[in-house]
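One structure below.
The values are calculated or read from the model by the stated rules, or taken from the named source; none is laboratory data. Keep in mind that this is a model prediction, so the values were computed, not measured. When we count neighbours, we look across all protein chains shown, and the Cβ atoms used for this are built from the backbone with ideal geometry, even at glycine. We work out accessible area using only protein heavy atoms, side chains counted, and drop any ligands, DNA or RNA first. Shrake-Rupley method; radii C 1.70, N 1.55, O 1.52, S 1.80 Å.
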Protein chains: 2
Amino acid sequence: MIMQTTVASTRAPTARYPATEHEAGFTDIDIDLLRKYVPVLRHKLSAGQYLYHAGQPFQSLYLINSGFLKTVELADDGRDQVTGFRMRGDFLGAESIGLKTYACGVVSLESGEAWELPYPAMLTACREIPELQARLTAALAQEIRDDHAWMLAIGTLNAEQRVASFLLDVAKRYAQLGYSARHFMLRMRRTDMANFLALKHETVSRVMSRLDDLRLISVERREVHVLDDSGLRAMAGMRA
Amino acid sequence: MIMQTTVASTRAPTARYPATEHEAGFTDIDIDLLRKYVPVLRHKLSAGQYLYHAGQPFQSLYLINSGFLKTVELADDGRDQVTGFRMRGDFLGAESIGLKTYACGVVSLESGEAWELPYPAMLTACREIPELQARLTAALAQEIRDDHAWMLAIGTLNAEQRVASFLLDVAKRYAQLGYSARHFMLRMRRTDMANFLALKHETVSRVMSRLDDLRLISVERREVHVLDDSGLRAMAGMRA
DNA sequence: AACGGTTTGTAACAGTACGTAACCGACCCA
DNA sequence: TGGGTCGGTTACGTACTGTTACAAACCGTT
């Protein structure tokens, strides 16, 4: 086990459970072995801070040790799109491999810690540790699949279904990290959630209230209780 | 140069130009060197034929030599989403690396040829040819960036802008393969285009007609002339 | 050349999500 | 303590896109 145990957020009222056996990232890679080839640099992050900006020279990959971040795609004309949310064990920066500069930006949504892994050293390490290469490739493939799942959701689900799906996904990811899947704190603003779901923040608010009315969840600002898991699943998966 | 020159489609009335220096895929990998490690199997494809189905055992990557294909994400309940269109020089199957079965399906939209590259052999080859590993990783990263660009478009653009962006993207890719960017044949049905753009086919029809009315393009079924490139760009990029 | 199925185009209508705006509560800092 | 900002909620009218329906054009086959 390579992950250093840290408390992800002091504000979060989520219960703490034993970590599950499988986590994303380097779980089954020996971090000490990795350190022989890669100088791991630790970075403390605070809310609102950028881990890296789009356009900045691409130099490193990052592994999130604690905290919660969003990745943001930026267009020339100012349009922006939240392409995902990342938490402990997730990789960052892999999407920019092959480029001179980072293709997107990463913003921390709360305090946390990220480990910087200089890419040239990682390349060397990958040659020495075949398992590392496999993990990195698998992480890239996984990200593609996540993106495709998002496309499927956005392309085929209405607002209610998108929000329900999103909540279930968040719950699942918290559960994988050993937190409660039935009671959690959303770490992002409504605006970020809406942007990610290709909706407006008012729509997200309305839908959340609606899910509350239907007794599927109870919401108070960022605090969410899942009251009817199967009901929520039904709403998320069924056709309009 | 590794690419065998073949005619992509006999139906397409697109003019043929000298190929550009840069193409996606293995362009700068020596195909003969690759063959020392990987048994390359050629597959003829006809319109409507699946290259592979979602759920089928994952065994190989594919490199498109000629033709035009769509990748389709499939949900349990029957919802489906076209996640992309692929042409000569593109990789297929990389999104399923790390899985036992393919995560999506690939359908040929016209006759063509794909080269099957058994994945276990590819792994070996990657260890022997560092450049190959780099190309594969770069292709994966590129796919992520393409997906993110799509997310940005779907999340921030209206129907007109999406269709305009799509046409410009198609034009660019044809140009990269040496075809005309101002006159081309769409290889997919309106339904596929609409699904990819998270719209309905009637909406796509409406918008195409409007772009025609505005003299930005001239359309007749699948045949498209770009009449006002900068006008089309303005429409694609500007905010609603 | 005629046939049936598929694909595309057009139109009227309806609905979901949007845009605007006002309000409220939490938080920060003077 | 009070103003200011930020984030979230709710109401109401609007409009873009989806829905439904139908017709025309196209394709492959007989």
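What's the Kirkwood radius of the range A:157-237 in Å, using all Cα pairs? Intermediate results must be reported in sequence, preceding the final value.
Details: mean 1/r = 0.0808 Å⁻¹.
Taking every pair of different Cα atoms in the range A:157-237, averaging 1/r and inverting gives 12.4 Å.
Report in % the part of the accessible area of the range B:18-149 that belongs to carbon and sulfur, leaving out ligands and nucleic acids; probe 1.4 Å. Could the numbers behind the result be given before it?
On the way: 2790 of 5330 Å².
Heavy-atom surface of the range B:18-149 belonging to carbon and sulfur, 1.4 Å probe: 52 percent.
Exactly which trypsin sites (Lys or Arg not before Pro) in the range A:74-169 are in a DSSP loop and have at most 12 other Cβ atoms within 10 Å?
When the trypsin sites (Lys or Arg not before Pro) of the range A:74-169 are filtered for loop state and at most 12 Cβ neighbours within 10 Å, A:K100 remain.
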In angstroms, what radius of gyration and Dmax does the protein assembly as shown have, counting Cα atoms only? 22.9, 65
Whole-Hz Karplus ³J(HN,Hα) for the range A:174-183, in order, using 6.51 cos²θ - 1.76 cosθ + 1.60 and θ = phi - 60°, x for Gly and Pro? 4, 4, 4, 8, x, 9, 6, 8, 9, 8
Just add up the charged neighbours of A:A181: K/R +1, D/E -1, any other residue whose Cβ is under 11 Å from the Cβ of A:A181. +1
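Could you give the C-alpha radius of gyration of the range A:116-207 expressed as a fraction of 2.2 N^0.38 Å, taking N as the number of residues it contains? Please report the intermediate quantities before stating the final value.
Numbers: Rg = 17.3 Å, N = 92, 2.2 N^0.38 = 12.3 Å.
Normalised Rg, Cα atoms only: 1.41.
Ordering B:H148, B:H43 by how much accessible area each has at a 1.4 Å probe, largest first, what is the list? Numbers along the way, then the final one.
Values: B:H148 5, B:H43 65 Å².
Largest accessible area first, the list is B:H43, B:H148.
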Karplus-derived 3J(HN,Hα), 6.51/-1.76/1.60, for each residue of the range A:73-84, Hz, glycine and proline x: 8, 10, 9, 4, 8, x, 4, 9, 9, 6, 9, x
Any chance you could give the angle, 0 to 90 degrees and rounded to 10, that helix A:119-128 forms with the longest Cα principal axis of chain A? 70 degrees
Please compute the length gained on full extension between A:L33 and A:Q49, using 0.36 nm multiplied by the number of residues separating them and subtracting their Cα-Cα distance. 2.7 nm
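Using the crude model of +1 on Lys and Arg Cβ and -1 on Asp and Glu Cβ, and no other charge, please compute the dipole size for the range A:157-237 relative to its Cα centre, in debye to 20. Write down the numbers at each step before the final one.
Working: 14 positive and 10 negative charges, 44 e Å.
For the range A:157-237, the charge dipole is close to 200 debye.
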A:E202 and B:A234 label points (each 7 Å along its Cα→Cβ direction) are spaced in nm at 3.0 nm
Expressed in angstrom, Rg and Dmax over the Cα atoms of the range A:31-129 are 13.6, 44
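Restricting to DSSP H runs of at least four residues, report the calculated mean residue ellipticity at 222 nm for chain B, -39500 (n - 2.57) per run over all residues, nearest 500 deg cm²/dmol. Please list the in-between numbers first.
Numbers: 7 runs with 89 residues, N = 240.
Computed ellipticity for chain B at 222 nm equals -11500 deg cm²/dmol.
If you add up the charges near B:D213, with Lys and Arg at +1 and Asp and Glu at -1, over every other residue whose beta carbon is less than 14 angstrom from its beta carbon, what do you get? Kindly include the intermediate steps, with their values, before the conclusion.
On the way: positive: B:R206, B:R210, B:R215; negative: B:E160, B:D212, B:E220, B:D228.
Spelling it out: positives minus negatives among the neighbours equals -1.
Nearest 20 debye, what's the magnitude of the dipole of chain B about its Cα centre given +1 on Lys and Arg Cβ and -1 on Asp and Glu Cβ? Intermediate results must be reported in sequence, preceding the final value.
Working: 29 positive and 29 negative charges, 89 e Å.
The calculated dipole for chain B is roughly 420 debye.
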Quick one: dipole size for the protein assembly as shown, taken about the Cα centre, charges +1 on Lys/Arg Cβ and -1 on Asp/Glu Cβ, in debye to the nearest 20. 620 debye
Teacher prompt: A:T191 distances to equivalent labels in other copies, 7 Å Cα→Cβ, nm: 4.2
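Summing +1 for each Lys or Arg and -1 for each Asp or Glu, what net charge is found among the other residues whose Cβ lies under 14 Å from the Cβ of A:S230?
That sum, taken over residues with Cβ under 14 Å, equals +1.
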How fast does chain A diffuse by Stokes-Einstein, in µm²/s, taking the Kirkwood radius from C-alpha pairs at 10 °C and 1.306 mPa s? 84 µm²/s
Provide the FRET efficiency to the nearest 0.05 for the B:K100-A:D169 pair, computing r from the beta carbons and using R0 = 22 Å. 0.50
For A:L45, which sequence-distant residues (separation of 5 or more, or a different chain) have an amide H within less than 5 Å of its own amide H, given hydrogens modelled in the peptide plane? A:G112, A:E113, A:A114
Give me, ordered by chain and number, the residues 5 or more places off A:S60 or on other chains with an amide H under 5 Å from its own placed amide H. A:Y119
Length-normalised contact order of the range A:31-129, Cα under 8 Å, at least 6 apart, in percent, tallies to 45 percent
Over chain A, with a Gaussian network built from C-alpha contacts below 10 Å, which listed residue (A:S96, A:S230, A:S108) shows the highest mean-square fluctuation? A:S230
Using amide H atoms built in the peptide plane, which far-off residues or other-chain residues are under 5 Å from A:T83 H to H? A:T71, A:V72, A:E73
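When only Cα pairs under 8 Å and 6 or more residues apart are kept, what is the percent relative contact order across chain A? Don't jump to the answer; show the numbers that get you there.
Working: 407 pairs, mean separation 52.9, N = 240.
Reported as a whole number, the value is 22 percent.
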Most positive-pole-ward Cα, B:Y179, B:F91, B:I64, against dipole of chain B from beta carbon charges: B:Y179
So what is the relative contact order for the range A:157-237, in percent, with contacts set as C-alpha pairs under 8 Å and at least six apart? 38 percent
The alpha-carbon center of the range A:83-138 and that of the range B:82-121 are separated, in whole Å, by 25 Å
Shortest first and in nm to one decimal, what separations exist between A:A75 and its copies in the other chains, measuring from label points 7 Å along the Cα-to-beta-carbon line? 2.5
